[in-house]
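Presented below is the structure to which this report refers.
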Amino acid sequence: MKPTTFLLSLTLLLAALPLAAQTQIHPELEAKNALPIARIAVPRPETTLPLETINTPFFAPLTRDLAYSGVFAIAPIPPGIAPGADLAIAANAQFVLALKIDQVETSTSLTPG
């Protein structure tokens, strides 16, 4: 075999190897490689408002959407533990969602125009 033929064959072989490797793609994800669902503790928001005032328009939809996200699992919160690192440990959660809701007073004055 001539040296130029050998070099050409070697170059073609080296160029074809990555192409052959790309046909070995498997779209399946094994369970050991999947990201586990993160457990999140969602304590009652800090607010002076009664829970009924914020539950229907905000808090209930938020917790529902977190639960249905497929990313988060809501961890049950043990009684008597304040939000923070101790709550995450007690609830076996990776995250604690800290919410603070403030009521903003607005006044509207109408002036004749």
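Every number here is computed from the coordinates shown, using simple stated rules; none is lab data. Keep in mind that what you see is a predicted model, and the values were worked out from it rather than measured. Because the Cβ atoms are built from the backbone with ideal geometry, glycine has one as well, and the counts that use them run over all protein chains shown.
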Exercise. Amide H to amide H under 5 Å from residue 75: which residues, 5+ apart in sequence or cross-chain, H placed 1.01 Å off N in plane?
Worked result: 40, 41, 42
Exercise. Once fully extended, how much extra length lies between residue 90 and residue 69, figured as 0.36 nm per residue of separation less the alpha-carbon to alpha-carbon distance?
Worked result: 5.3 nm
For this session: Note down the net charge around residue 40, summing +1 for each Lys or Arg and -1 for each Asp or Glu among other residues with Cβ under 15 Å from its Cβ.
Result: +2
Exercise. What net charge do the residues around residue 74 carry, taking every other residue with its C-beta under 14 Å from that of residue 74, with Lys and Arg at +1 and Asp and Glu at -1?
Worked result: +2
For this session: Residues in the range 63-80, backbone N under 13 Å from the label point at residue 47 (7 Å along the Cα-to-beta-carbon vector): list them, ranges by number please.
Result: 63
